[in-house]
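Q: The following block contains the structure, expressed as structure tokens.
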Amino acid sequence: MRRPRGDIIGYVAREDVGQNRRKEPRDVPVTPFHGGVGLLTKGWLGRRFSFISFCATQVVIDCESGYYLLRDEWPFHRFLHTLLGAAVACTVVALVFRFAGTALDPQVSIPSSLRACIRADLAAAATGQALILTIVGGVLAHLIPDAIMHSDVRLFAPLSDANPLYGLVPLAALHWSLILAGVVGTVLVVRNIRRTGEA
């Protein structure tokens, strides 16, 4: 279904069931915003968490909204932006990275370099703990910000079309909190690399 055309400043009006017409941001949040939570988690948990596999889950989920945005078909956020759909997507991605990571030993001592850090992060994806954290973190880090920002996110579909998080906090506060998480996470990752030679 094509959504109604918006005005020149990039907003569209839509009719929600049982609600008044409202302005809806036309642009979806840039996927790297979700990475802030991943960086913070990586800085906190280190080798117990794979940042690369986490980022892959965010990209896969946002392929859905990107596709419908390019086709100008409302709603932009559909199955992969539900708890069920996101869990399926994140599980598939996490399993792919776990399979790839089995060829790399996360316990091997390697030099402190970008390539080595990437290799160690991919190796970490092979652990059961990283698998679970990737799935849970991927789902929550993506759906919570999107649900706050977008009225068309249906967290509990197909059981319910409700979105209790929509508008919970101002968008500026949401975006800056994700940026802050990324900054703090980057500091922690760099600190870990300097202390132990690994992220």
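The values are calculated or read from the model by the stated rules, or taken from the named source; none is laboratory data. Everything quoted here is computed from the prediction, not taken from an experiment. Neighbour counts run over all protein chains shown; Cβ positions are idealised from the backbone, glycine included.
Q: Does Arg194 count as at pLDDT below 95, within 21 Å of Leu40 (Cα to Cα), among the basic types (Lys, Arg) and surrounded by fewer than 17 Cβ atoms within 10 Å (Cβ to Cβ)?
A: So Arg194 passes the test.
Q: Right, something else. For region 73-80, does any single residue satisfy the condition of being at pLDDT 95 or above and assigned to a helix (DSSP H, G or I)?
A: Within region 73-80, one or more residues are at pLDDT 95 or above and assigned to a helix (DSSP H, G or I).
Q: If we keep just the residues of region 44-67 that are of a type in the set (Phe, Trp, Tyr) and in contact with a Lys or Arg (Cβ under 7 Å, 6 or more places away or on another chain), which is farthest from His34 (Cα to Cα)? If you could, list the steps in order and put the result at the bottom.
A: As a first pass, look at region 44-67 and keep what is of a type in the set (Phe, Trp, Tyr): 44, 49, 51, 54, 67.
Cutting the leftovers down to in contact with a Lys or Arg (Cβ under 7 Å, 6 or more places away or on another chain) gives us 49, 51.
Values: Phe49: 16, Phe51: 12 Å.
Among them, the one singled out is Phe49.
Q: Further, regarding this structure: Show the residue pairs meeting these rules: Cβ distance below 8 Å; 6+ apart or different chains; first residue within region 137-158 and basic (Lys, Arg); second residue modelled with pLDDT of 95 or more.
A: Close Cβ pairs (under 8 Å, with a partner that is modelled with pLDDT of 95 or more) amount to Arg154/His77; Arg154/His81; Arg154/Thr82; Arg154/Ser160; Arg154/Asp161; Arg154/Ala162; Arg154/Asn163.
Q: For Leu80, are the conditions met, namely being within 22 Å of Phe156 (Cβ to Cβ), surrounded by fewer than 19 Cβ atoms within 10 Å (Cβ to Cβ) and in contact (Cβ under 8 Å) with a residue 12 or more places away in the chain?
A: no
Q: Does at least one position in region 85-98 carry a residue that is among the hydroxyl-bearing types (Ser, Thr, Tyr) and modelled with pLDDT of 95 or more?
A: yes
Q: Same structure again: Would you mind finding the one in Ala130, Ala172 that is without any contact (Cβ under 8 Å) to a residue 60 or more places away in the chain and either out of contact with any Phe, Trp or Tyr (no Cβ under 9 Å at 6 or more places or on another chain) or of a type outside the set (Asp, Glu) (or both)?
A: Within the list Ala130, Ala172, the selection yields Ala172.
Q: Something else: Condition first: within 17 Å of Leu143 (Cβ to Cβ), touching a Leu at 6+ places or on another chain (Cβ under 8 Å), surrounded by 23 or more Cβ atoms within 10 Å (Cβ to Cβ) and not β-branched (Val, Ile, Thr). Can you find one or more residues in region 69-76 that meet it?
A: Among the residues of region 69-76, at least one is within 17 Å of Leu143 (Cβ to Cβ), touching a Leu at 6+ places or on another chain (Cβ under 8 Å), surrounded by 23 or more Cβ atoms within 10 Å (Cβ to Cβ) and not β-branched (Val, Ile, Thr), which makes the answer yes.
Q: Condition check: at pLDDT below 95 and under 14 Å from the mean Cα position of the chain (by Cα). Does Thr134 satisfy that? Working first, answer last.
A: Values: at pLDDT below 95: yes; under 14 Å from the mean Cα position of the chain (by Cα): yes.
Considered against the rule, which asks whether it is at pLDDT below 95 and under 14 Å from the mean Cα position of the chain (by Cα), Thr134 comes out as yes.
Q: What's the number of the condition Gln58 fails, among (1) out of contact with any Leu (no Cβ under 7 Å at 6 or more places or on another chain); (2) outside any loop (DSSP other than H, G, I, E, B); (3) in contact (Cβ under 8 Å) with a residue 24 or more places away in the chain; (4) more than 20 Å from Val189 (Cα to Cα)?
A: So Gln58 meets the others, but not (4).
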